[in-house]
Structure formats: structure tokens, C-alpha cells
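Student: Mind looking over this structure? Questions follow.
The values are calculated or read from the model by the stated rules, or taken from the named source; none is laboratory data. These figures come from a predicted structure and were not determined experimentally. Positions of Cβ are backbone-derived with ideal geometry, glycine not excepted, and every protein chain shown enters the neighbour counts.
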């Protein structure tokens, strides 16, 4: 059996106008903190944004309607002085957050940040220079339920046995 | 509630001498394929290694006892001509594989590859030049059950509201 949340997790860019509970936010971040980190550095921090004025300020930098419409934005940030694989650590934390959100009936999407956007967002939010951010994650109840992954998305041609 | 597999997933480096079923291997890879990929490139491939002689050859390159003792090794490989965020795509696929393995009572660990090791492993396994590999994942039943993550691993000091 495939883990249900893995199949159900799809990118969601439109959200219902419903708040996300503080408990749900804590569970999503807990999932991110329970992700493996290189050499167990656990150097990932999380910025939680719910104020509309800050969402609007980020929207002005990177665009994307869901940035100002999602009930909550979370930005994982990693201390590059502590992590030896910062991009990997942020990526696996992000996936855990996606899966926990899915388990709670919420959706999200990886909004990737260019270096230029990341720099501006860091300045806006006062994120220390030694922290790296690579994405912004909007969370909310999906406007319409996404279609889960199914057998059609499983491609056995991409599996190689023993060697290529 | 936190997703059970996220809390139960811990790095496992010692495995029981028990085979991993083909069905379990397929489920782990399915989980990897259902991971999000940048621009939905789905450019991740998977090399499954069960032959002892190939494990021994990889062990000669990178060391680590679990490389030759794990029942199965899986190496995710990504087409860098198709993915715009290859390290991120490989990382989230890896985490999905870890979680699916956990759901099946199996364990794994992210064995990171230096550029030098990756080059040698690619040559050994005949992996095309345009594919990137960043890690090797051993899978098997844990020699002893790992301790799940709990509240002590949840650090609220790493959560920042609205800005840093």
C-alpha cells in the first residue's frame, strides 16, 4: 500500500477563504522539524506569516495571486553556518510539511524563489544573512479537491535493475 | 495529529538479514515518483541494486558497512536536461521513499555522495552523463526499532511569527 498522503499530495494554488488553525500550523512545522537533516544539524527555522500587509509586501516582490490569498505562508530558512547540505535539508523539510498539510486536509505548493527574490524577502522579513531561503509555502484548504496520484503516474520505465 | 510515519522515520544504518519484497521496492519507488518535481518534469529515475557483487563494488568506492549489508540499495538519478531544480527534486523524492519505507516497517538513511564518489558510481553503473546522483539509499528491516521523534524534538524557538 502506498502511503495515502503521498498519493493525495498535489500542488494547490487556490485556497478557500478559511483560516488555518494554530494547531494545524504547529503540526505542519513539527513535521518539518522531524525531517532528516545532514549530520543532524536541525538548522531549519520557520517564519509563519498571517498578516495581510506582509503577504501583500511579499506579493509585490514575487507576484502570484496565492501569496496574498492563502490563509498562511510559511518560509523555511536554514542556518548555512550549521548545515552542510542546506538545499537538501530545506527540501526534505518542505516535503514533510506538504504531507502533514495533506493529512490535515490542507494544500500547498512549492513557490520557488530566485536569488533576487530571496534577497528581497530576507530584507523585508529581517532574516539574518547567514540563513538561506529557497521557497515560500502557502497553506490553506484547497478551493477544489485535487486529484490524487494513481497508477497512471507510476512509470516503470524509470526503474533500472542493477545498472542503467 | 502528526503523520505517524514522519515521527517514526529515523536514520537506520543496521539491517536484519531479511530480503525486501519486490512489492515493497515498487511501493517505495512509487512514493518517490509521486513526489512533486519542479515544473512537473518527473525526471527522476531509480536504480535498484540487489546483487551482492554490485553492492561490494560500491562499497569499495564509498565505504560504509551498510552499503554491502543492506538487502537493497536504491539510487535516485535525475535528468539534468529536464529538471530545473535537480537537487531539490531528488531530495523530496528521497524523503517520500523514506516515509513509504517507514510505513512498511523498513528503514533507510541518506548516504550522501561527494562529487568524486558520484562520478565513480555513475561509471560503475553506466548512468548517463546527463543524470545527477546525490545519494545512495539502503533499505531493509531495522536491526533494532528506532526511537520515534517526540515532543522533545519540537523546538518552538525556531518558529518566528510575521518576521524574524
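Student: Which one is surrounded by the most Cβ atoms within 10 Å (Cβ to Cβ), of the residues in segment A:50-64 that are away from chain B (no Cβ under 14 Å) and without any contact (Cβ under 8 Å) to a residue 12 or more places away in the chain?
Tutor: A:59
Student: With touching a helix residue (DSSP H, G or I) at 6+ places or on another chain (Cβ under 7 Å), within 27 Å of residue A:32 (Cβ to Cβ) and surrounded by fewer than 24 Cβ atoms within 10 Å (Cβ to Cβ) as the only criterion, which of B:124, B:113 stands out?
Tutor: Being touching a helix residue (DSSP H, G or I) at 6+ places or on another chain (Cβ under 7 Å), within 27 Å of residue A:32 (Cβ to Cβ) and surrounded by fewer than 24 Cβ atoms within 10 Å (Cβ to Cβ) holds for just one of B:124, B:113, which is B:113.
Student: Facing chain A (nearest Cβ under 8 Å), buried (at least 17 other Cβ atoms within 10 Å of the Cβ) and farther than 21 Å from residue A:134 by Cα: is that true of residue B:98 in this structure?
Tutor: In short, yes.
Student: Oh, and also: Do the conditions hold for residue B:105, that is, is it free of Cβ contacts under 8 Å to residues at least 40 places away in the same chain and either touching a strand residue (DSSP E or B) at 6+ places or on another chain (Cβ under 6 Å) or not in a strand (DSSP E or B) (or both)?
Tutor: Yes: the conditions hold for residue B:105.
Student: Hey, among B:163, B:129, which residue is in contact with a strand residue (DSSP E or B) (Cβ under 9 Å, 6 or more places away or on another chain), more than 27 Å from residue B:27 (Cα to Cα) and either touching a residue at least 60 places away in the same chain (Cβ under 8 Å) or assigned to a loop (DSSP other than H, G, I, E, B) (or both)?
Tutor: Of B:163, B:129, the one residue that is in contact with a strand residue (DSSP E or B) (Cβ under 9 Å, 6 or more places away or on another chain), more than 27 Å from residue B:27 (Cα to Cα) and either touching a residue at least 60 places away in the same chain (Cβ under 8 Å) or assigned to a loop (DSSP other than H, G, I, E, B) (or both) is B:163.
Student: Let me ask you something else. Considering only segment A:53-82, how many residues are touching a strand residue (DSSP E or B) at 6+ places or on another chain (Cβ under 9 Å) and either closer than 21 Å to residue A:97 by Cα or part of a strand (DSSP E or B) (or both)?
Tutor: 17
Student: Kindly check whether there is at least one residue in segment A:8-25 that is within 9 Å of chain B (Cβ to nearest Cβ) and either closer than 24 Å to residue A:124 by Cβ or without any contact (Cβ under 8 Å) to a residue 40 or more places away in the chain (or both).
Tutor: yes
Student: Determine whether residue B:120 is in contact (Cβ under 8 Å) with a residue 24 or more places away in the chain, away from chain A (no Cβ under 11 Å) and in a helix (DSSP H, G or I).
Tutor: The answer is yes for residue B:120.
Student: When you scan segment A:17-49, how many residues do you find that are surrounded by fewer than 17 Cβ atoms within 10 Å (Cβ to Cβ) and not in a helix (DSSP H, G or I)?
Tutor: The qualifying residues number 5.
Student: A follow-up question, please. Looking only at segment A:132-145, which residues are assigned to a loop (DSSP other than H, G, I, E, B), more than 23 Å from residue B:84 (Cα to Cα) and at pLDDT 95 or above?
Tutor: Result: A:141, A:143, A:144.
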